[in-house]
Amino acid sequence: MLQAASLWAIIPARGGSKRLKRKNLLTLAGQSLIARAVKTALASGCFSRVLVSTDDVEIADEARRAGAEVPFMRPTELAGDAASSVDVLLHAVETLAKSSPAPEIVALIQTTSPLLKPTHVREAVELFNRSGFVSLSSMKMVSQQPEWMFRVDQNTGLASPESPAGIVAASALLPRRFIENGAIYLVQRSWLLEERSLYNFTHHGCYTMSEADSIDIDTGEDFVRAEFEISRHLQQDQRRGS
């Protein structure tokens, strides 16, 4: 693994949210989402700096109490819906590189993935370094295959298979496919700055997480699912300890 001085974790946490108001401060199993993300990053032991990028004073205070650095407040133009994760990472790295040595690797950790654990972070970083990837993202396996899908004419109701051969193919013969779950991204700083991208698709890695650990909170229903899974995990841990 690279030395800790080579890795920064950056956690974006803006004050506004459309579906769940003040989402990053919502409490889940006794911890706010922002505090949970900060403590997960710190507990992984992978990072020399755990930084929160926010435009919100209350979120900044909560992040500091959890142990994160909040060395600046995010500018207004990067706090709206149109601002991308790449924009936020670039702003953080370019701002802080003026006063401190820049990292070799940058990690983006999302507050909305509360089932992300320190072991996940460590395994993702180890995979990234061991495999020589330029970029990596966490993913989950999908069960719905394109070969099983139909196009339906909205006027006539006529259904046409995307893949006539795939419709009748045994599931074991179809390729396994994955989709990003949004929990963690890793990218070499040089690539991020030069290409302004989280992806080098010729050297991009996949760190696989389970369906349950991949919950991404966007709605109230997601929040309830996350509460259930965390409660279930706590009960399992208690049974193992008894």
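Side notes on the structure shown:
- Taken over the stretch 190-232, the criterion of being of a type outside the set (Asp, Glu), over 17 Å from LYS140 (Cβ atoms) and assigned to a helix (DSSP H, G or I) is satisfied by SER190, TRP191, LEU192, LEU193, GLY220, PHE223, VAL224, PHE228, ILE230, SER231, ARG232.
- Enumeration of residues in the stretch 45-63 that are touching a strand residue (DSSP E or B) at 6+ places or on another chain (Cβ under 8 Å), part of a helix (DSSP H, G or I) and either modelled with pLDDT under 95 or not aliphatic (A, V, I, L, M) (or both): GLU62
- Of the criteria (1) at pLDDT below 95; (2) among the charged types (D, E, K, R); (3) loosely packed, with under 14 Cβ neighbours inside 10 Å; (4) touching a helix residue (DSSP H, G or I) at 6+ places or on another chain (Cβ under 8 Å), which one GLU229 fails: (3)
- The stretch 183-200 residues that are within 22 Å of HIS120 (Cβ to Cβ), paired with ones that are among the acidic types (Asp, Glu) and surrounded by fewer than 20 Cβ atoms within 10 Å (Cβ to Cβ) (beta carbon under 9 Å, 6 or more apart): ALA183/ASP213; ALA183/ASP216; GLN188/GLU104; ARG189/GLU104
- Residue in the stretch 161-173 that is β-branched (Val, Ile, Thr), within 28 Å of VAL50 (Cα to Cα) and either over 20 Å from the mean Cα position of the chain (by Cα) or surrounded by 15 or more Cβ atoms within 10 Å (Cβ to Cβ) (or both) present: no
- Residue among LEU20, LEU89 that is part of a loop (DSSP other than H, G, I, E, B) and either touching a Ser or Thr at 6+ places or on another chain (Cβ under 9 Å) or exposed (fewer than 14 other Cβ atoms within 10 Å of the Cβ) (or both): LEU20
- When ALA41, ALA29, ALA66 are checked against the criterion of being loosely packed, with under 14 Cβ neighbours inside 10 Å and in contact with a helix residue (DSSP H, G or I) (Cβ under 8 Å, 6 or more places away or on another chain), ALA29 stands alone in meeting it.
- Selection within the stretch 69-86 - surrounded by 11 or more Cβ atoms within 10 Å (Cβ to Cβ), part of a loop (DSSP other than H, G, I, E, B) and among the aliphatic types (A, V, I, L, M): VAL70, MET73, ALA79, ALA83
- When ALA35 is tested against the conditions (1) at pLDDT below 95; (2) more than 21 Å from ARG196 (Cα to Cα), the lone failure is (1).
The values are calculated or read from the model by the stated rules, or taken from the named source; none is laboratory data. Values in this document were obtained by computation on a predicted structure and should not be read as measured data. In this analysis, Cβ positions are derived from the backbone assuming ideal geometry, glycine residues included, and neighbour counts consider all displayed protein chains.
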